[in-house]
Each structure stands twice: as C-alpha cells, then as structure tokens.
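> Got a structure for you, questions after.
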Amino acid sequence: MIDRGFRSCALGLLASTALASPAIAQQQPPGTAAQVPVPDTGATDVTAPPPAVQQAQDGQVRDQTEIIITATKRSENLQNVAQSVQVLGTRKLDQLDISNFEQYTKQLPSVSYNVSQSGGAVVYMRGVASGGDGNHSASPPSVGVYLDEQPVTTIGGALDVHIYDIARIESLAGPQGTLYGALSEAGTIRIITNKPDLNATYGRVDGELNLTAHAHEPGGKMEGMINVPIVADRVAFRASGFYERDPGFIDNVYGSRTYCGTPIKDSGGETIGCNHDGFSVNNSAYLKRDINDAEMYGGRAALKIDLDDNWTVTPTIMHQYAKYNGFGGADVSLGDLQAQRFRGDEYRKDQFTQAALTIEGKIWNFDVTYAGAYMDRPTQSIADYTDYVEAYDNNYTSSGGIYNYLYFLDSAGNPIEPHQDIFGTEHFKKFSQELRIATPKENRARALFGAFYQRQSNHIFQNYLVPNLAPDLSVNGWPGTIWLTLQDRVDRDWAIFAEGEFDVTPKVTLIAGGRLYRFDNSLFGFAGFGKNPAYGIDPDAPPNAAGASGGVRRCLTVNGEQAIDDPDAALASGALADTPCTNVGSVEGGVAVPKHTKGDGFIHRLSARFKPTDKTMFYATWSRGFRPGGLNRAPGTAPYNPDYLTNYEAGWKTTFGPVTWNGAAFHQVWKSFQFSFLGPNSLTIVQNGRDAIINGVESDLNYVGGGLTLSASAAYTDAKTKGNICEVASDDENCSASSIITPSGTRLPVTPRFKATGTARYTWPVAMGNAHVQGNLTHQSSASADLRQVNTLLGINPNAYLGRIGASTVVNLFAGFDWKQFNAEIFANNVFDERNEQARFVACSSCTRTYILPGRPRTIGIRAGMKF
C-alpha cells in the first residue's frame with residue numbers, strides 16, 4: 001500500500017545553485033535572516049541552496065525552488081506560466097515533514113488517488129477518475145509522473161519515490177499531452193532532484209524516532225546526503241540514501257468461517273440450498289498485532305560533468321526497495337483498525353532501479369536536451385484470498401456452495417478445505433528517450449521542438465493456490481493452482497511535438513502547441529482455469545476445479561477459434577513459456593501471437609497570456625489530452641478505444657508585495673472515458689463509457705515576510721457523467737440491449753468535491769539560532785468509492801456495501817530550533833487521530849466484505865540533523 005506508514009520530513013534539500021550571493025547569506029550573524037532577492041524571468045532552473053542559506057531565508061523570502069520551474073520544459077518564473085501549476089519547494093517539503101507519495105498528495109488539492117489492484121496507487125487530477133484502474137491488464141494512468149526529465153509512470157500504480165534531497169515537486173493540472181504525452185491526459189507530477197554542485201563540499205545527516213498510536217513498537221529513519229566536487233569547475237558528485245521502518249497499526253483479530261456442507265434438495269432431488277455445516281476454519285494460528293509494518297531503503301547518485309561552457313552531461317542512478325508486511329486494509333465490519341486474515345506471512349515487495357542520462361548543450365543559439373532512462377521494477381506478493389472463498393460460498397448457496405458446486409477435491413476424490421492464496425509477481429520495465437531543441441527564450445518568437453519514444457513492458461504472473469487440490473482439477477501443468485495468470489503486456493508510443501510562443505505586444509503573448517502521436521499496445525498469454533483430462537470421457541468428471549468454461553477451454557486453436565467452439569482442432573503453438581496454451585492473443589498461420597491495438601492522432605494546446613503589469617497575469621487555455629486504447633484479457637471481450645479530455649481554462653497569477661494569489665477555473669469534457677470494473681471470475685473488464693463533464697475552480701495564496709509564512713490552497717471539483725453507462729458497451733444510451741449500471745448525472749468516484757490545505761509557520765531569532773512553530777491542516781470532503789450503481793454479478797449497488805470514502809480533517813503541529821550546523825524538532829502528525837480514509841475496496845468482484853485503507857494514525861516524534 002502506498003503509505004504504509006508515516007514517514008517523516010525530508011530535511012536536507014541541498015542544491016548546487018545559490019540564490020543570490022549565497023556566500024553573503026552564509027555570513028549573516030546568527031539569528032538574522034539574509035535578504036535574498038527573488039529572481040526574475042529568464043533565470044536558469046535552480047535547485048535548493050545550501051542548508052545554511054535555507055535556514056537564513058526561512059520566513060523572509062519565498063523559496064526560489066517554488067518560483068523558477070521547468071513545467072514547460074524551459075526554466076521560467078512560475079508567475080509567467082500560462083497554466084495551473086502548484087509547487088512544493090525545498091523548504092516546504094522539509095518543513096511539512098514530507099517524504100512520500102501520500103504525504104505530498106495531501107498538499108495538492110487537485111490531486112487524488114485510489115488503491116490499485118497491484119497494491120500501489122493510481123493518481124487522478126481534477127476529478128478525471130472512473131475508478132477500478134491500476135490492474136496490470138487494464139487502462140494506463142491518466143496522470144504522468146516524472147523523475148527529473150524521465151517518465152516513471154507505471155501501469156500498476158505510481159512509484160512511491162522517497163522524498164529526500166529533492167528540489168521541488170511540480171503539480172501541473174489539466175491536460176499536458178502536447179509536452180508530456182499519452183499518460184498525462186489529466187495532468188503531470190514532476191519530482192525534481194537536486195543536482196551535483198561544482199562549487200563546494202557539503203552534506204548532512206538526519207534521523208528520526210517516532211511513536212504511532214495503536215502501534216506497539218517505535219518507528220524511525222536515517223537519511224543522509226553528500227556533495228563533492230571532483231574536478232574543479234568541471235565534475236561533481238552527489239549522493240543520498242535512506243533507511244526507514246514504519247510500525248504497523250492494524251491488528252489481525254480472531255475470525256472463523258463455516259462453509260456450506262449438507263445440501264438442501266427439493267422433491268425432485270435438485271439442490272436448492274445448503275446447511276452451513278461444512279468445513280470450518282479459523283485464524284487462531286495467525287493472530288498478531290501491528291501486521292502492516294514496513295521497511296524501506298534506497299539511494300540516489302549523480303554526476304555532473306561540464307564538458308565545456310556549453311555542454312553538460314548528468315548520469316544518475318536510483319534504487320529503492322520496500323517490503324510491506326501483512327495487510328494494509330481495515331475491515332469496516334470489525335472494530336477500529338482490525339482485520340481477519342487467514343495467513344500469517346502476507347507481504348508485498350516493491351523495488352525499482354532507474355538509470356538515467358541527461359545531456360544539455362547548445363548548437364549555435366539553440367538549446368539542445370537529450371533525456372533517456374531505463375527502469376526495472378520487479379514486485380512480489382503473497383496474499384490470503386479467503387474473502388473470495390467466502391463470497392462464492394455465499395453466492396452459490398442455492399447450488400450447494402463451495403462444498404457441493406465447485407469441485408474442491410484431492411487426488412483421492414475427497415473434499416478439501418477450499419482455502420485460497422495468491423502468489424504474484426510483476427516485472428515492469430520501461431525505456432524512454434526524448435530529444436528536444438529550443439530557440440533562444442529572449443526572442444519575441446520562441447519555439448520548442450521534440451521527439452519522444454517509449455516502450456514499457458510487464459511480465460505478469462499470478463498463481464491462485466488451493467492446498468491439496470487434485471492435479472486433474474488444477475491448471476494443466478500447475479498442480480495445486482486453481483487459476484493462473486501468466487501474460488506479457490507491452491505498451492509502445494512514439495511522438496513528435498512542438499510548442500511556440502509569440503509576443504504580440506510586450507503585454508500579450510500567444511502560445512500554441514501540438515503533438516502527433518502513435519501507439520501500439522499488445523497483450524499475450526494465458527488467464528484462467530485448467531481442464532480436467534477426464535472431462536468429456538468420464539461423464540461424472542467436472543471440467544475443472546471450479547466448473548467454469550474459462551481458461552484452457554477458451555484457448556485458441558490453429559483455426560483461430562476458442563477450443564470450446566472448435567473442440568476437434570489442435571491448440572495453436574507458440575504459447576508463452578510455462579502456460580498450458582494461449583487464450584489471450586491472436587493466431588497467424590496456426591501459431592499464437594500477441595494481439596495488438598494501435599492508433600494515432602493529434603492533440604493541441606492553445607493559450608493566450610495577458611500581463612498588464614509586472615505583478616499581474618491573466619491567461620486562457622484550450623488544451624486536449626488522451627489515453628491510448630488497450631486490450632481486455634477476458635476471452636471474447638472487445639478491446640477498448642482511446643479516451644480524450646478537452647480542457648477550457650481561465651486563470652490568474654498575481655503578486656502584491658509579499659503576497660501571491662494564483663487560481664484557475666476550468667470546464668473539462670471527458671469523451672468516451674475508459675471505465676474499468678471487475679467482471680466474472682474477478683477479471684478486470686475495460687470498456688468505453690459515456691462522457692463526463694467536470695467543472696471546478698482551484699486557487700492558492702501565499703505570504704512570506706517578517707519571519708511569518710502563510711499558505712493556503714483549495715480545489716472545488718464537480719465531476720459527473722453525461723449519458724447512461726450500459727453493462728455492455730453500446731452506442732444506445734438507453735441500454736436496450738443490456739442494463740444501465742450508471743445513470744447519467746452520477747458523480748465520478750474517488751475525487752472529493754472539496755479539498756483544501758493550509759500552513760502557518762513563524763520563525764524568530766533566539767540566542768544563537770532560530771526557533772520556529774508551525775501548524776498544517778488538510779481537509780477533504782467525502783467521495784463515492786465506485787462509479788457503478790449496480791454490481792450485475794450481485795444485483796445490488798456496490799456503494800451500498802462499500803460506503804463512501806470518508807471526509808477527514810488532519811492537523812499536524814511542529815516546533816523546533818536551528819543553531820549553527822544543528823537542528824532539532826518535535827512534531828505531532830494527525831494530532832486528533834483522524835481516521836483519514838485513503839480508499840475503500842473489496843477483494844473480488846463478488847465480495848462484499850469492505851476494507852478501508854487508513855492513513856497513519858496520530859504520530860509523535862523527534863527528529864534531529866547535522867550539516868557539515
């Protein structure tokens with residue numbers, strides 16, 4: 001899960017570029033603050049100044065890393081960028097104790113997220129959310145995530161990059177398709193790291209110890225960074241690393257399940273029900289407190305090599321490992337922060353390594369940038385699947401339940417306890433390259449041109465295990481496996497793009513951009529049950545352990561037909577290694593090959609910027625974004641088409657002395673949006689829904705001066721469907737061929753209607769240093785958990801058992817002291833122990849046992865650091 005734990009502050013955000021005369025700032029007497037001027041438009045991209053400079057500026061001037069941004073792939077002053085951008089700079093990341101995904105998204109009102117089926121999180125912006133995304137063979141994300149110049153967006157959920165030695169996080173709301181491509185339909189989040197500094201050797205070490213309510217062990221972490229020039233004025237090295245342990249706070253409490261046993265028959269001998277006197281199981285062997293603890297570690301290293309005055313090469317490597325033990329959900333039907341799990345060694349491991357290379361230089365007066373990266377992300381998990389067994393026993397009561405209907409037998413033909421576990425791995429790889437050229441930014445007419453290529457693949461393995469299951473009832477070649485998913489997914493996209501600006505007058509600028517794109521996505525492999533070799537020979541032999549028609553019986557024959565429809569033909573050769581056959585793919589010349597979906601198109605952005613004074617700017621934008629189409633793994637299910645988001649936006653950016661006030665109002669039309677839901681056998685089905693209309697307004701207000709820092713930001717989002725969504729995708733809005741599962745006018749899920757955050761901090765000189773106090777509040781209203789109003793498998797509204805994602809208000813308090821090269825702080829996060837729900841979910845399509853993913857309860861602690 002994304003925030004298994006409270007993580008603490010990302011202190012030590014150091015950087016290479018001084019703001020203005022940093023040496024002078026460092027020479028200020030203790031307890032005074034350096035008055036550093038804010039840079040003007042045209043300054044180069046900056047990262048965090050050395051720690052002493054940051055300390056001197058606290059509460060005196062706005063953080064430079066929040067002013068100069070690279071959202072437009074040029075270094076620009078935030079107040080001149082004609083789009084909605086919110087920035088969390090170096091000092092704010094440090095002061096708000098931010099070190100992970102869940103913590104920084106709380107501070108971004110336009111951003112929401114939901115738990116994916118792969119255990120990560122899927123990010124949404126401005127209400128562009130249909131829910132159900134994140135499955136390994138479902139829709140790609142609609143929000144792009146970048147680490148510096150390289151995309152790190154993944155199909156199964158966002159990377160939880162540890163936030164330490166980070167210059168800033170930029171949140172770009174609205175379609176960013178022209179510059180950032182297919183996976184930035186609704187917005188982009190950019191994590192900008194600090195770069196090596198050629199001018200000085202310095203570093204820091206930070207540590208923390210904390211106690212979390214409802215946990216019975218402490219947590220903590222250690223972090224450190226170092227910057228070392230290697231060759232004067234030419235080569236520098238920078239590295240950072242961390243280790244963190246988060247205690248668990250969810251308890252596994254006693255529970256038992258008794259399944260159907262003796263069938264109830266009618267007068268004709270047909271089974272019409274059951275008595276619950278069959279297998280009875282309990283979890284007494286696995287009772288444990290604090291099951292959801294986590295351990296994480298990782299690091300990043302970079303070189304900066306100035307080849308000459310014009311060309312710089314920056315190779316970077318980053319590795320991160322996390323192990324999340326137990327289960328992160330709390331069962332809403334039990335007591336606070338409790339669950340009933342029937343396995344004692346559940347876990348999820350998630351690690352990634354990324355190697356990146358950025359080359360920047362000049363050819364004549366043109367700026368040239370190359371950015372390439374390769375990322376390798378293997379994951380592994382094992383989970384209890386008792387909820388599935390419980391749900392199917394209840395749902396098939398009229399057929400005798402698990403005991404009488406689903407053929408759970410051992411090799412001797414004896415009924416066995418129908419327990420299930422899931423062992424799964426995913427191996428995600430991503431390779432991306434981008435080359436762009438920009439004309440001089442001081443020209444009246446400016447332009448940027450680029451080309452982009454990306455290939456991302458995922459080797460998907462999920463093994464649903466039933467202890468002692470007979471080999472003949474298992475997936476063929478996989479004894480004990482009742483269901484197997486083994487697939488390769490590959491997504492490719494290419495693009496050329498351009499964006500230009502023209503100053504019509506010194507106060508009016510027109511901006512136009514476009515992107516020509518092409519995508520080619522494929523899926524290949526097997527998903528489903530096995531086939532009993534005796535089926536069709538022995539009249540009493542079941543087709544497989546679940547009696548279903550999926551799996552091997554849907555495999556492709558040499559004629560390109562499914563085996564169930566072409567029983568006398570041989571199966572197609574060329575299957576993915578270790579699979580019994582291919583039922584997700586196509587057939588060419590009697591050989592199974594991946595099935596593809598392809599497409600191309602053009603998207604645009606048109607903007608106008610009016611700057612009546614140096615401190616005031618107004619803008620209007622018409623922009624489009626898209627997501628590629630894709631393939632369903634369920635045999636016989638049609639592929640889904642791309643969806644498109646059109647955004648109409650008007651905004652303002654103003655500066656009044658120490659106060660900045662920015663905002664935007666928007667109207668978005670989401671055409672034929674991709675809609676994911678769990679279908680039969682808990683297979684994710686993706687189809688194109690209707691349209692959605694999203695209206696909203698967002699704003700942020702900041703004040704810095706006299707030791708006082710005030711900031712507030714908020715977003716109001718009204719997102720609703722337009723047109724009825726049918727159970728089976730159809731152009732008929734009346735759904736005459738199926739049923740209406742989502743009526744027109746239904747609010748889109750996950751995103752709260754209102755979300756806001758505010759921070760107040762005061763710093764003052766004391767003795768030989770500076771003291772500070774700070775308060776931070778985040779609030780969000782409730783949100784629905786599922787877009788559907790009917791679960792067709794159960795015949796009920798899924799929101800009836802899911803409930804709503806609860807509203808929450810979280811308060812964090814801090815107090816500390818900085819002196820010379822040392823700092824110390826005490827803090828209390830989630831002071832009132834609010835049960836801030838991050839998501840609500842069930843384990844399978846027929847399950848009704850609902851879980852919440854809670855944020856970390858009240859956590860108090862102390863942190864301290866030393867600079868050198």
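The values are calculated or read from the model by the stated rules, or taken from the named source; none is laboratory data. These numbers come from a predicted model, not from an experiment. Quick reminder, even Gly has a Cβ in these numbers, built from the backbone with ideal geometry, and neighbours come from all protein chains shown. Side chains are part of the model used for accessible areas, which takes the heavy atoms of the whole protein and leaves out ligands, DNA and RNA. Shrake-Rupley method; radii C 1.70, N 1.55, O 1.52, S 1.80 Å.
> Just checking, which of Ile305, Ile250 is among the β-branched types (Val, Ile, Thr) and more than 30 Å from the chain's Cα centre (by Cα)?
Selected residue: Ile305, the only one of Ile305, Ile250 that is among the β-branched types (Val, Ile, Thr) and more than 30 Å from the chain's Cα centre (by Cα).
> What is the one condition in (1) open to solvent by less than 50 Å² (accessible area, probe 1.4 Å); (2) in a strand (DSSP E or B); (3) touching a Phe, Trp or Tyr at 6+ places or on another chain (Cβ under 8 Å) that Ile826 does not satisfy?
Evaluating Ile826 over (1) open to solvent by less than 50 Å² (accessible area, probe 1.4 Å); (2) in a strand (DSSP E or B); (3) touching a Phe, Trp or Tyr at 6+ places or on another chain (Cβ under 8 Å) leaves (1) as the failure.
> Right, next: Would you pick out the residues in region 829-854 that are farther than 30 Å from Ile422 by Cα and open to solvent by 20 Å² or more (accessible area, probe 1.4 Å)?
Val831, Phe832, Asp833, Glu834
> Here's something else I'd like to know. Give the residues of region 829-848 that are part of a loop (DSSP other than H, G, I, E, B), under 15 Å from Gln780 (Cα atoms) and among the polar types (S, T, N, Q), sorted by residue number.
Asn830, Asn836
> Then there's this: Could you list all residues from region 120-175 that are at pLDDT 90 or above, charged (D, E, K, R) and part of a loop (DSSP other than H, G, I, E, B)?
Result: Arg126, Asp148, Glu149, Asp160, Asp165.
> Considering each residue of region 352-380, count those that are hydroxyl-bearing (Ser, Thr, Tyr) and open to solvent by less than 40 Å² (accessible area, probe 1.4 Å), and give that number.
Here the count works out to 3.
> Condition first: touching a Pro at 6+ places or on another chain (Cβ under 8 Å) and either buried (at least 21 other Cβ atoms within 10 Å of the Cβ) or without any contact (Cβ under 8 Å) to a residue 40 or more places away in the chain (or both). Can you find one or more residues in region 447-460 that meet it?
yes
> Tell me, yes or no, whether region 514-527 has at least one residue that is within 30 Å of Thr613 (Cα to Cα), open to solvent by 10 Å² or more (accessible area, probe 1.4 Å) and outside any loop (DSSP other than H, G, I, E, B). Give the derivation first.
Narrowing region 514-527 to residues within 30 Å of Thr613 (Cα to Cα): 514.
Now narrow it down to the ones that are open to solvent by 10 Å² or more (accessible area, probe 1.4 Å): 514.
Then drop every residue that is not outside any loop (DSSP other than H, G, I, E, B), which leaves 514.
Scanning region 514-527, I find at least one residue that is within 30 Å of Thr613 (Cα to Cα), open to solvent by 10 Å² or more (accessible area, probe 1.4 Å) and outside any loop (DSSP other than H, G, I, E, B), so the answer is yes.
> Might you let me know whether region 743-759 holds any residue that is at pLDDT below 95 and part of a strand (DSSP E or B)?
no
> List pairs: first residue in region 645-668 and β-branched (Val, Ile, Thr), second residue open to solvent by 50 Å² or more (accessible area, probe 1.4 Å) anywhere in the structure, Cβ distance under 6 angstrom, at least six positions apart or on different chains.
Thr646/Arg624; Thr654/Trp661; Thr655/Lys615; Val659/Tyr703
> Of everything in region 602-620, what is aliphatic (A, V, I, L, M) and open to solvent by 70 Å² or more (accessible area, probe 1.4 Å)? Give them in sequence order.
The one that is aliphatic (A, V, I, L, M) and open to solvent by 70 Å² or more (accessible area, probe 1.4 Å): Leu606.
> If you don't mind, there's one more thing I want to ask. Tell me, which residue of region 176-192 that is touching a Leu at 6+ places or on another chain (Cβ under 9 Å) and part of a helix (DSSP H, G or I) is farthest from Gln674 (Cα to Cα)?
In this case the residue turns out to be Leu179.
> Same structure again: Only one of Ala498, Ala572, Ala563 is over 23 Å from Pro639 (Cβ atoms) and among the hydrophobic types (A, V, I, L, M, F, W, C); which? Explain how you work it out, then say what you get.
Values: Ala572 fails: over 23 Å from Pro639 (Cβ atoms); Ala563 fails: over 23 Å from Pro639 (Cβ atoms).
On inspection, the qualifying residue turns out to be Ala498.
> Residues in region 278-291: is at least one touching a strand residue (DSSP E or B) at 6+ places or on another chain (Cβ under 6 Å), β-branched (Val, Ile, Thr), open to solvent by less than 40 Å² (accessible area, probe 1.4 Å) and part of a strand (DSSP E or B)?
Yes.
> Scanning region 771-785 for residues that are over 20 Å from Gly855 (Cα atoms) and either outside any strand (DSSP E or B) or hydrophobic (A, V, I, L, M, F, W, C) (or both), which turns out least open to solvent (accessible area, probe 1.4 Å)?
Only one residue tops the list, namely Ala771.
> Only one residue in Pro798, Pro752 is buried (at least 18 other Cβ atoms within 10 Å of the Cβ), under 26 Å from the mean Cα position of the chain (by Cα) and within 29 Å of Gly89 (Cα to Cα). Which one?
Only one candidate passes the filter, namely Pro752.
> Test Val228 against the criterion of being within 31 Å of the chain's Cα centre (by Cα), surrounded by fewer than 19 Cβ atoms within 10 Å (Cβ to Cβ) and modelled with pLDDT of 95 or more, and give yes or no.
no
> Given region 661-742, what strands (runs of 3 or more DSSP E) lie entirely inside it while holding 1 or more residues that are among the hydroxyl-bearing types (Ser, Thr, Tyr) and either out of contact with any Leu (no Cβ under 8 Å at 6 or more places or on another chain) or open to solvent by 10 Å² or more (accessible area, probe 1.4 Å) (or both)? Full working, then the answer.
On the way: elements: 674-678, 684-688, 691-705, 708-722, 740-742.
By residue number, 674-678, 691-705, 708-722.
> List the residue pairs whose Cβ atoms are under 7 Å apart, where the first residue sits in region 507-525 and is more than 25 Å from Tyr453 (Cα to Cα), the second is open to solvent by 10 Å² or more (accessible area, probe 1.4 Å) and aromatic (Phe, Trp, Tyr), and the two are 6 or more positions apart or on different chains.
Between residues of region 507-525 that are more than 25 Å from Tyr453 (Cα to Cα) and residues that are open to solvent by 10 Å² or more (accessible area, probe 1.4 Å) and aromatic (Phe, Trp, Tyr), the close pairs are Lys507/Phe610; Val508/Phe610; Thr509/Phe502; Leu510/Phe502.
> Against the definition (of a type in the set (Phe, Trp, Tyr) and buried (at least 17 other Cβ atoms within 10 Å of the Cβ)), how does Tyr385 come out, yes or no?
yes
> Scan Glu426, Glu442, Glu499 and give me the residue that is in a strand (DSSP E or B), in contact with a Gly (Cβ under 8 Å, 6 or more places away or on another chain), open to solvent by 10 Å² or more (accessible area, probe 1.4 Å) and modelled with pLDDT under 95.
Going through Glu426, Glu442, Glu499 in turn, just one is in a strand (DSSP E or B), in contact with a Gly (Cβ under 8 Å, 6 or more places away or on another chain), open to solvent by 10 Å² or more (accessible area, probe 1.4 Å) and modelled with pLDDT under 95: Glu426.
> In addition: In region 786-795, which residues are open to solvent by 50 Å² or more (accessible area, probe 1.4 Å), within 22 Å of Thr751 (Cβ to Cβ) and β-branched (Val, Ile, Thr)?
none
> Among the residues of region 242-272, count how many are farther than 28 Å from Asn292 by Cβ, open to solvent by 10 Å² or more (accessible area, probe 1.4 Å) and either in contact with a helix residue (DSSP H, G or I) (Cβ under 8 Å, 6 or more places away or on another chain) or part of a strand (DSSP E or B) (or both).
5
> A further question follows. Test Val811 against the criterion of being open to solvent by 50 Å² or more (accessible area, probe 1.4 Å) and either in a loop (DSSP other than H, G, I, E, B) or in contact (Cβ under 8 Å) with a residue 12 or more places away in the chain (or both), and give yes or no.
no
> Right, another one. With respect to the numbered conditions (1) within 30 Å of Ala760 (Cβ to Cβ); (2) surrounded by fewer than 22 Cβ atoms within 10 Å (Cβ to Cβ), which one is the sole condition not fulfilled by Lys653?
Unmet for Lys653, out of (1) within 30 Å of Ala760 (Cβ to Cβ); (2) surrounded by fewer than 22 Cβ atoms within 10 Å (Cβ to Cβ): (2).
> Can you pull out the residues in region 318-351 that are in contact with a helix residue (DSSP H, G or I) (Cβ under 8 Å, 6 or more places away or on another chain) and either β-branched (Val, Ile, Thr) or open to solvent by 30 Å² or more (accessible area, probe 1.4 Å) (or both)?
Arg343, Gly344
> Would you be able to say whether some residue in region 480-488 is more than 22 Å from Val593 (Cβ to Cβ), in contact with a Lys or Arg (Cβ under 9 Å, 6 or more places away or on another chain), in a strand (DSSP E or B) and open to solvent by 10 Å² or more (accessible area, probe 1.4 Å)?
no
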